[in-house]
Amino acid sequence: MIEQDYLLRQIKEFIAFMMKLLFREKLRSADELDAYQQNSESDMTLYRMIENGQIAEAEAMLYENMQSKTVDNLLKGYSFYQYLAQQEDDFLEARHYSRNQIAAGVRRLAILFDAAHLVGLFLPELSDIE
C-alpha cells in the first residue's frame, strides 16, 4: 500500500512537471487539466470506456489516435494517465489495472514523444518499468 501511494505520488509529480514545462501558457493548474479532460467528445469516449472497465481498450484507442507528435496529443495522453492516476486502487483493481501499468503508460508516452530522458531524470523508479 505504501509503495502504491509512493508510485501514485511520483506519477502525479511527473505529470505536473511535464504540464508546467510544456504547457505553461496553456495550463496553469491541475484544475485546468481536469477541465481539458472533458473538452472533447473523443476524450469523453475514452473516459467512459475507463468507467466501463475497458481501460486497455481506451489506452489502445488513445495511441491509435496519436499518429502525429503534437503538443495537443501529448497533452491528451498525459491527461488520460492523470485521470487514471486519480482513481482509487479499488476502482483500478476491479478493472484489472494497476498503478504500475499507469507508470508504464506514462513512460511509454514519454518515449513516443522523445522525452524518455525526463522520466529517468526525474523519476528513476519509472525508467525501469516496461
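The values are calculated or read from the model by the stated rules, or taken from the named source; none is laboratory data. Computed from a prediction, not measured in an experiment: that's the story for all the values here. In this analysis, Cβ positions are derived from the backbone assuming ideal geometry, glycine residues included, and neighbour counts consider all displayed protein chains.
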Out of all the residues in segment 85-100, which are part of a helix (DSSP H, G or I), crowded, with 18+ Cβ neighbours inside 10 Å and at pLDDT 90 or above?
Leu92
Just for segment 42-81: of the residues that are among the small types (Gly, Ala, Ser) and in a helix (DSSP H, G or I), which one is modelled with the lowest pLDDT?
Ser42
